[in-house]
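Each remark here refers to the structure printed beneath this line.
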Amino acid sequence: MARSPQKYRVKEVFYDGVVHVIFFDGAHCLYNYWELRTGCTCAKCVHEVTGEKLLDDQTVPLDIRPVASEYVGNYGLRIDWSDGHGTGIYNFQQLRDQFPHKTQSVD
Ligand SMILES: [Zn+2]
């Protein structure tokens, strides 16, 4: 298996009101909690076959926040959310290329 390019490898993740993801190529991306939670692509939130969204965004509290997270292999991040949901894996490539985010320069 080929090594993922640096832009899809993650050096550090932390959260302090938003989720910060620092990639190996130096990019520092910030993700809104609610957008990340409602963008979950697990089988409970998105139908595996049809791709239809099963999650009703209205059911996700506006004050949603991560309570824990862990790396999944070297390709993704699993987040336990304050609403009890924890089956979603956020693939780093997806985070980098598809999820809406802001960027911040690393000092
Ligand atoms: Zn989910």
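The values are calculated or read from the model by the stated rules, or taken from the named source; none is laboratory data. It should be emphasised that the depicted structure is a prediction, and the values quoted were computed from it without experimental measurement. Reconstructed Cβ throughout: ideal geometry from the backbone, glycine too, with neighbour counts over all protein chains shown.
Restricted to the range 63-81, and to residues there that are surrounded by fewer than 15 Cβ atoms within 10 Å (Cβ to Cβ) and in contact with a strand residue (DSSP E or B) (Cβ under 9 Å, 6 or more places away or on another chain), the residue that is nearest to GLU48 (Cα to Cα) is VAL72. Of all residue pairs spaced 6 or more apart or on separate chains, those with beta-carbon atoms under 8 Å, a first member in the range 33-46 that is of a type outside the set (D, E, K, R) and a second member that is part of a helix (DSSP H, G or I) are THR38/ASP57; THR41/GLN94.
Scanning the range 23-76 for residues that are assigned to a strand (DSSP E or B), away from the ligand (no atom under 13 Å from the Cβ) and of a type in the set (A, V, I, L, M, F, W, C) yields PHE23, CYS29, LEU30, VAL67, ALA68, VAL72.
So which residues in the range 1-50 are on the phi > 0 side of the Ramachandran plot and at pLDDT 95 or above? The answer is GLY17, and nothing else.
Listed here are the residues, each with its yes/no results for (1) modelled with pLDDT under 95; (2) β-branched (Val, Ile, Thr); (3) farther than 13 Å from VAL13 by Cα.
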position	(1), (2), (3)
SER69	no, no, no
HIS85	no, no, yes
ILE89	no, yes, yes
GLN98	yes, no, yes
SER105	yes, no, yes
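From (1) closer than 16 Å to TYR8 by Cα; (2) touching a Cys at 6+ places or on another chain (Cβ under 9 Å); (3) within 14 Å of the ligand (Cβ to nearest atom), pick out the condition that doesn't hold for HIS20. Against the list (1) closer than 16 Å to TYR8 by Cα; (2) touching a Cys at 6+ places or on another chain (Cβ under 9 Å); (3) within 14 Å of the ligand (Cβ to nearest atom), HIS20 comes up short only on (3).
The residue of the range 22-47 that is surrounded by the fewest Cβ atoms within 10 Å (Cβ to Cβ), among those that are among the aromatic types (Phe, Trp, Tyr) and under 25 Å from GLN6 (Cα atoms), is PHE24. For first residues located in the range 87-106 and within 12 Å of LEU36 (Cβ to Cβ), partners that are among the polar types (S, T, N, Q) and lie 6+ apart or on another chain with Cβ distances below 7 Å form the pairs GLY88/THR41. Condition (residue is more than 13 Å from the ligand (Cβ to nearest atom), part of a strand (DSSP E or B) and hydroxyl-bearing (Ser, Thr, Tyr)) applied to the range 79-92: is it met by at least one residue? Looking through the range 79-92, none of the residues is more than 13 Å from the ligand (Cβ to nearest atom), part of a strand (DSSP E or B) and hydroxyl-bearing (Ser, Thr, Tyr).
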